[in-house]
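Novice: Below you will find the structure I want to go over with you.
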């Protein structure tokens, strides 16, 4: 029987083994999801809000415990794991408070006696989630989806199966009806069977471009609504009039948090003209403040990368870049999954770390002559997730914000997700939106109702 292994990336110790669900268990899960949806869709918004608030309380009460699971399974340092659990709780509270308002009937003026738009749940939604934010990626989808009256099937990344089961347990302990939120321990070859089932009415995926293309194709094949949140190669643009010290501090935070394993991390530092030397100096100073080590220990800022194959790929990208024009300013060493926070200089177009998405604690700086070159280079990518611009000139800020090709632009601040704002990308960063009012309306039936005399 095939099993998933949960392996501590810091020391490669096997933490747990999980057998894959057989066909009988999968069929039972689908039928259970069908049965509970017929009841859950009739619940009031108040009942759904009560569940989400109970889930939020559980997350806060046991945040240290959940942070430890994240640390052991994918290497996230404890402080980041605690913050992740808190953010999940905040999002549950947000939709508990605002979900009813987002989904209330919308009257439409017409010649009919009464006409309005009703927002109703679709059914069971399959979520295919990644390992890098093993709680947050799930909750930012699950909270609005469940508040909307849908039910959830989760296929999580194999290396964070313990996190997936912990999330399922949270919902059960918080009073969710049996089958409302179920974790499926399945391999990729079973995904088509789940999507094909008439129980499943939508699918959402956060992951790589390759995975997104495959799952989106299956969703299209079976005519199921889908949302894809894929990769990014986010630019961080530093103009000559920027607050260099603050820009460098946030740049390192953005690139190195979660050991650089974030789709919205700043992956390309684009620096204009005379800002270059000071920015490089400040970035190096901030990298030197980082402390890499066992993510379970207090004071550690940078844990290991989540898997050996991911560290292998990042090292290959770095070495290929060094064979060209790039040079190492700081870092560059690796032991197992422990990849030193690294900065590359003299990076030009055609260099792998600039042209490809890098997923790890590896930053690169590219210098340009003027603002026009900066925006052209920033937009020279197949992706379009997030971007940030650093300037004191609000006219320039407005220009960049309107002309950068991305799902989100942040001026003088960290690119981040927030339940109040829609989150998602364009081009090969995917389609659809999570979070905010837009996110809760992705997996619902927008129903027109017209009542004549």
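The values are calculated or read from the model by the stated rules, or taken from the named source; none is laboratory data. Because the structure is a prediction, the values reported are computed rather than measured. Don't worry about glycine lacking a Cβ; one is built from the backbone with ideal geometry, like all the others, and counts go over all protein chains shown.
Novice: Just the residues that are more than 24 Å from residue 382 (Cα to Cα), in contact with a strand residue (DSSP E or B) (Cβ under 8 Å, 6 or more places away or on another chain) and not in a helix (DSSP H, G or I), please, taken from region 240-268.
Specialist: 240, 242, 243
Novice: If you don't mind, there's one more thing I want to ask. Tell me, yes or no, whether region 214-230 has at least one residue that is buried (at least 19 other Cβ atoms within 10 Å of the Cβ), in a helix (DSSP H, G or I), touching a helix residue (DSSP H, G or I) at 6+ places or on another chain (Cβ under 8 Å) and assigned by TED's automatic domain parsing to the domain that holds residue 307.
Specialist: Looking for residues that are buried (at least 19 other Cβ atoms within 10 Å of the Cβ), in a helix (DSSP H, G or I), touching a helix residue (DSSP H, G or I) at 6+ places or on another chain (Cβ under 8 Å) and assigned by TED's automatic domain parsing to the domain that holds residue 307, one finds none in region 214-230, hence no.
Each row is one residue, and each column tells you yes or no for (1) surrounded by fewer than 16 Cβ atoms within 10 Å (Cβ to Cβ); (2) within 30 Å of residue 261 (Cβ to Cβ).
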site: 78; (1), (2): no, yes
site: 81; (1), (2): no, yes
site: 100; (1), (2): yes, no
site: 107; (1), (2): yes, no
site: 113; (1), (2): yes, no
site: 116; (1), (2): no, no
site: 119; (1), (2): no, no
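Novice: What is the one condition in (1) touching a helix residue (DSSP H, G or I) at 6+ places or on another chain (Cβ under 8 Å); (2) surrounded by fewer than 24 Cβ atoms within 10 Å (Cβ to Cβ) that residue 267 does not satisfy?
Specialist: Condition not satisfied by residue 267: (2).
Novice: Another question, if that's okay. Find the strands (runs of 3 or more DSSP E) located wholly in region 269-382 whose residues include 3 or more that are without any contact (Cβ under 8 Å) to a residue 24 or more places away in the chain, and list them.
Specialist: none
Novice: Same structure again: Output the qualifying pairs, or none if there are none: Cβ atoms under 9 angstrom, residues six or more apart or on different chains, first residue in region 1-17 and under 20 Å from residue 301 (Cα atoms) and outside the structural domain of residue 78 (by TED's automatic domain parsing), second residue part of a loop (DSSP other than H, G, I, E, B) and modelled with pLDDT under 95.
Specialist: none
Novice: Can you find a residue that is surrounded by 22 or more Cβ atoms within 10 Å (Cβ to Cβ), within 19 Å of residue 432 (Cβ to Cβ) and in contact with a strand residue (DSSP E or B) (Cβ under 8 Å, 6 or more places away or on another chain) anywhere in region 178-186?
Specialist: Checked region 178-186: no residue is surrounded by 22 or more Cβ atoms within 10 Å (Cβ to Cβ), within 19 Å of residue 432 (Cβ to Cβ) and in contact with a strand residue (DSSP E or B) (Cβ under 8 Å, 6 or more places away or on another chain).
Novice: If you take the residues in region 411-437 that are assigned to a strand (DSSP E or B) and under 13 Å from the mean Cα position of the chain (by Cα), which one is nearest to residue 391 (Cα to Cα)?
Specialist: Step by step, filter region 411-437, then rank; the result is 423.
Novice: I'd like to check something: does region 323-343 contain any residue that is within 25 Å of residue 241 (Cα to Cα) and buried (at least 20 other Cβ atoms within 10 Å of the Cβ)?
Specialist: Scanning region 323-343, I find at least one residue that is within 25 Å of residue 241 (Cα to Cα) and buried (at least 20 other Cβ atoms within 10 Å of the Cβ), so the answer is yes.
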